[in-house]
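The values are calculated or read from the model by the stated rules, or taken from the named source; none is laboratory data. Nothing here was measured: the structure is a model prediction, and the numbers come from that model. Every residue, glycine as well, gets a Cβ built from its backbone with ideal geometry; the counts of neighbours run over all protein chains shown.
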C-alpha cells in the first residue's frame, strides 16, 4: 500500500506535464456552451492544480446573450477525473463557475434554458455555481440587483440517468432554497413521464410537488401539490402583488391533485384555507389563449370576512369620501370565473346564511354577484360591475355599477353596515341601481346616477321624537320646541324615493306616517359633498282623526333640514312660529302700525300678514332664518345641530 501511495504521488506530480490544456479548455467551453445555449469565450491563461484533485483554472468566461444581455464569471474551474486521465483520456467531472453574473435588460426576456443539453447524457459534466448574482439593467443604464449569493449544483444520480438540482439564493431579502430530483432525465426529455420531486422554501413558505413529469409540447405533470404559507400578505407583497384589503391574508394552506398538459392545469380535490376559513372544490388554469383563464368552484361551511376589514369609502374622519387613487389595471391581465357557496358568511356584527356568490372577470370587466343570501333578517340579492377606465390625461380609474335588492330587512342592521346610518329601525325593503365612474371614490360619488327606494311598514326613527317637539311648539310657539334630539318617532309607513344624477339626489318622495305624527320632506342630497338641503312639514295628528286625514285641528309646522350628513341642522319655520304666537302677533301689529316708512311696512307685511291663516299641508318653508329686527327670541331652539 505504501508503494501504491508513492506511485499515486508521483503520478500527481507529473500530471501537470501530461494534461492537454487545450483539450480541457475546449471540453469546458463546450460544457458551458451546452448549458447556456450560446457561444462562450474563455479569457486568460490556464492554471493547473493538483490537490485535492486534478483541476484546471481557465480564467474569466463571457457569454453574449441577445437584447444586450450578458453572462460572465470571474473564473471557471474544471475538475478532471483521475483514472481516465492516467489512461490518456481527458474527462471533466464537473465545471464550477466562480462569482458569475447574469445581466438582464428592460427589453430582453429571461434567456431560455436548453434542457436537452443541460439534463441529457450521463457523460456530461456536473455543474456548480458559487456566489452568483442576477441583476436588471434599465434602458437608462440603472442597475438593480435581483438575486445574490446564488449557490447552485447539478449532479448526475442513478448511474447518470437522473439529475439532482439544488439552488440557494437571496431574493428580495428572503432566503430561497429549491431542490429538484428527477429519476430519468432522458425519459423526461423524450416525453416519457418520470418520477419527479420538487420543493421550494422561502423563509416560512413552502411549496412541494411529488409525481410524474415529462417534456411534451409544453410540460406534463401529474401528482400531488401542496403549499404552506405563513403570511399570504407578505408573500404577495414579496412577489410584487398588492392585496385588495388592508386586513387579513394571513396563514394559508393549499393542497390539490395536479394534472397539467398542453398549457392547462387542473387542480382536483382542492382544499384551501385562509385566515381560518376552509373550503373545498376544484380549479382550472388555462394558459393557451395568451392570457391566463382561471375557473373554479368552491364550497365552505363557514366563512368569516371580518379579518379583511371594510372597504374604505370615506376618509379617516368619516366626513369626506376617500380620495385615494383607484387602479384596476390588474383586471386586464387575466380572466376569472369563480363560484362560491357557503352555509354561513359572517362580517363583523352581520351574519348571512345560504350564500351563493360568483366573481366573473372577462377582458377587464368584472362582475361580482350574490345570487341569494339570507341576511339582516331578510333576503337580499346584489351585483356589482367593475371596469378599469383611463382618462384622456392617462390617469386610471374605475367605472362601477351596483344593483341591489333586499326584502324584509332589519333596517337598523342593514343601513348601519351599508352606510353607517343608525337612526332607522324596523323591517323594510331596500332597492338601488347606481352607476358612476372616476379616478377615486370621491370622483365616482360626484358622477353617481341612479335610483334608490326604501319602504317600511312598521318601525321608528331613533333619536328624534317628532310628536313631543310638536306638542312643545303647539303650547309655546316661540320656544322652538327645545332640544329636538332624543326619544323615538314611531311610524306605520315609510316611503322614500331618490332620483340621482351627477352626484345630486333629488328626493322625489319621503313620507313618514305614524299614529300621532306625519312627516314629509322634499329637496336634494349632494352625494359628492355629503350634505343636504331638505324642506318638510310635520303634522301632529289628533287622536280622533285617522292617520291619513288632514283635519283643521291638526297642528302643522314647516321645517328645514340643512348641513352635512354627519351633523345636520333642523330649523322650524320662524314665520309659522310667529303666526301661532298671540304675543308675537300683537308685537308685529304694533310695529306695523308705527312704521311710517312704506318700505318698512312692506317688509313687515311680507314677513307676517296682518291676519294669520292656517298653512296648508303642502306649504313649503318660506324663510329659514329670522331678520335681525325680529329679535333673538324668534330663533327656534330646534336649530341645534345633531350632536350624534
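Would you confirm whether any residue within the stretch 229-237 is surrounded by 13 or more Cβ atoms within 10 Å (Cβ to Cβ), touching a helix residue (DSSP H, G or I) at 6+ places or on another chain (Cβ under 8 Å) and either closer than 29 Å to residue 416 by Cβ or at pLDDT below 85 (or both)?
no
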Given (1) closer than 30 Å to residue 302 by Cβ; (2) in a helix (DSSP H, G or I), index of the condition residue 444 fails: (1)
Pairs, please: C-beta under 9 Å, at least 6 apart or cross-chain, first residue farther than 19 Å from residue 91 by Cβ and in the stretch 42-62, second part of a loop (DSSP other than H, G, I, E, B) and modelled with pLDDT under 70? 59/44; 59/45; 59/46; 60/44
For the stretch 512-523, state whether one or more residues are in contact with a strand residue (DSSP E or B) (Cβ under 7 Å, 6 or more places away or on another chain), modelled with pLDDT of 85 or more, in a strand (DSSP E or B) and closer than 30 Å to residue 439 by Cβ. yes
Of residues in the stretch 155-175 being in contact with a helix residue (DSSP H, G or I) (Cβ under 7 Å, 6 or more places away or on another chain) and assigned to a strand (DSSP E or B), the one farthest from residue 237 (Cα to Cα): 162
Within the stretch 366-395, can you find the residues that are within 19 Å of residue 447 (Cα to Cα), more than 16 Å from the chain's Cα centre (by Cα) and touching a residue at least 40 places away in the same chain (Cβ under 8 Å)? 389, 391, 395
Across the stretch 191-228, which residue is surrounded by the fewest Cβ atoms within 10 Å (Cβ to Cβ) among those that are touching a helix residue (DSSP H, G or I) at 6+ places or on another chain (Cβ under 9 Å) and closer than 22 Å to residue 171 by Cβ? 204
Flag if residue 61 is in contact with a helix residue (DSSP H, G or I) (Cβ under 8 Å, 6 or more places away or on another chain), at pLDDT 80 or above and surrounded by 14 or more Cβ atoms within 10 Å (Cβ to Cβ): yes
Quickly run through the stretch 353-376 and pick out the residues that are farther than 22 Å from residue 401 by Cβ and either crowded, with 17+ Cβ neighbours inside 10 Å or modelled with pLDDT under 90 (or both). 376
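Mind telling me which of the residues 551, 583, 590 ends up being assigned to a loop (DSSP other than H, G, I, E, B) and modelled with pLDDT under 85? Lay out the reasoning, then the answer.
Details: 583 fails: assigned to a loop (DSSP other than H, G, I, E, B); 590 fails: assigned to a loop (DSSP other than H, G, I, E, B).
Matching residue, one of 551, 583, 590: 551.
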Out of the residues in the stretch 505-515 that are within 30 Å of residue 448 (Cα to Cα) and surrounded by fewer than 17 Cβ atoms within 10 Å (Cβ to Cβ), which is nearest to the chain's Cα centre (by Cα)? 506
Being within 17 Å of residue 299 (Cβ to Cβ) and within 18 Å of the chain's Cα centre (by Cα) is the filter here; which residues of the stretch 236-276 pass it? 274
If we keep just the residues of the stretch 396-415 that are within 30 Å of residue 327 (Cα to Cα) and surrounded by fewer than 18 Cβ atoms within 10 Å (Cβ to Cβ), which is farthest from the chain's Cα centre (by Cα)? 405
Please go through the stretch 516-527 and pick out each residue that is crowded, with 19+ Cβ neighbours inside 10 Å and under 17 Å from residue 565 (Cβ atoms). 521, 525, 527
